[in-house]
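The structure under discussion appears below in the form of structure tokens.
The values are calculated or read from the model by the stated rules, or taken from the named source; none is laboratory data. Only a predicted model underlies this, so the values are computations on that prediction, with no experimental measurement involved. We place every Cβ from the backbone using ideal geometry, glycine too, and count neighbours over all the protein chains shown.
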Amino acid sequence: MLSAYRPGSPATPFEAYCINGLAYFLGRGHRMLSALFGQAAGVYGEPVAIVEVQPRIADVGIADLLLTFEGGQHALVEVQVETGPDESLLPALVQAGRSWNPPAGLVLLGIDGAAAPEWTPITWFEVIEALQDDPEPMAQQFTSFVLNDILGLGDVPLEAALATNRLYALGGAAVRRKFGSRARYLNSASRPMNGRYRYLGTTFSTGGDLAYWVGLVNEGLPLSEHYHLMLATKDTPLSDRADQPRATGDWKAWNHWTGLGRVVRPITAADYDRLLSRMRT
């Protein structure tokens, strides 16, 4: 179930994994998590009876989750794992959900507690609170996954940075701390070659164009096992300027670079904060 992914869904494979993780606990009748989603949907004291993952909603498209409570009330759930996602499908889902009898509750699970009109927001921190006292190993594992791979709150060893979502989550969290919870950012990575990358990290904006990038850059060409943690900008000068690395030689528009040197220990939030403090914005 955790590896399910439906082609045609607007969700990325990583989002689909997160959706299926939630569905696992809701489908098993997790009391606190069911209550969290039930209250957001306007349903109180009823367990979740049916959990549908990425169902097709009439001719509108594919939703993330459809919950049916014991009394027959439905809830459409939109799951977001970063800020600034594509929300073009939401108005159509609202229209579809409101046409049911009784109308479906509309729940938006996200990072910052913001929600589109007519949707009730809940956050991943609330999901953690619902699961954290559950002694089941799967609940503890999923809690750790949310903290590290979605919220970016843990240190990231180099091996995990290259093989999981944790570096992206760490970068997104750093951008939100520095520039606000609705800052725009995108995951950016080169095509891997034998498990090695020229670069991987986060492209972001401070209010205008996506003109900033922070993350890992391979130390050399041909690609080696060593990486440097670096910050680059297109037009804004940086403190402690460094030369552009060879592995990004095709980044012609990126004129300013700085870095913290070779990664030899886990990457931390403080490392990202140090780099972002070198920006002159």
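Assess whether Tyr272 counts as being touching a residue at least 40 places away in the same chain (Cβ under 8 Å), of a type in the set (Ser, Thr, Tyr) and under 19 Å from Ala160 (Cβ atoms). The answer is yes for Tyr272. Within region 136-192, no residue satisfies the criterion of being acidic (Asp, Glu), crowded, with 19+ Cβ neighbours inside 10 Å and closer than 25 Å to Thr248 by Cα. Checked against the criterion of being over 30 Å from Arg177 (Cα atoms), outside the structural domain of Asn165 (by TED's automatic domain parsing) and either at pLDDT 90 or above or among the small types (Gly, Ala, Ser) (or both), the candidates Ile50, Ile128, Ile111 yield just one match: Ile50. Condition first: closer than 15 Å to Asp112 by Cβ, among the charged types (D, E, K, R) and either within 16 Å of the chain's Cα centre (by Cα) or modelled with pLDDT of 95 or more (or both). Can you find one or more residues in region 166-175 that meet it? Scanning region 166-175, I find no residue that is closer than 15 Å to Asp112 by Cβ, among the charged types (D, E, K, R) and either within 16 Å of the chain's Cα centre (by Cα) or modelled with pLDDT of 95 or more (or both), so the answer is no. Number of residues in region 49-92 that are among the small types (Gly, Ala, Ser) and part of a loop (DSSP other than H, G, I, E, B) equals 6. In this structure, is Val48 aliphatic (A, V, I, L, M) and surrounded by 22 or more Cβ atoms within 10 Å (Cβ to Cβ)? Spelling it out, Val48 is indeed aliphatic (A, V, I, L, M) and surrounded by 22 or more Cβ atoms within 10 Å (Cβ to Cβ).
Tallying residues that are more than 18 Å from Gln39 (Cβ to Cβ), surrounded by 14 or more Cβ atoms within 10 Å (Cβ to Cβ) and more than 17 Å from the chain's Cα centre (by Cα) within region 111-131 yields 1. For region 245-252, the criterion of being under 23 Å from Pro192 (Cα atoms) and polar (S, T, N, Q) is met by at least one residue. Filtering region 51-77 to residues that are over 15 Å from Thr12 (Cα atoms), aliphatic (A, V, I, L, M) and under 26 Å from the mean Cα position of the chain (by Cα) leaves Val51, Ile57, Val60, Leu66, Leu67, Ala75, Leu76, Val77.
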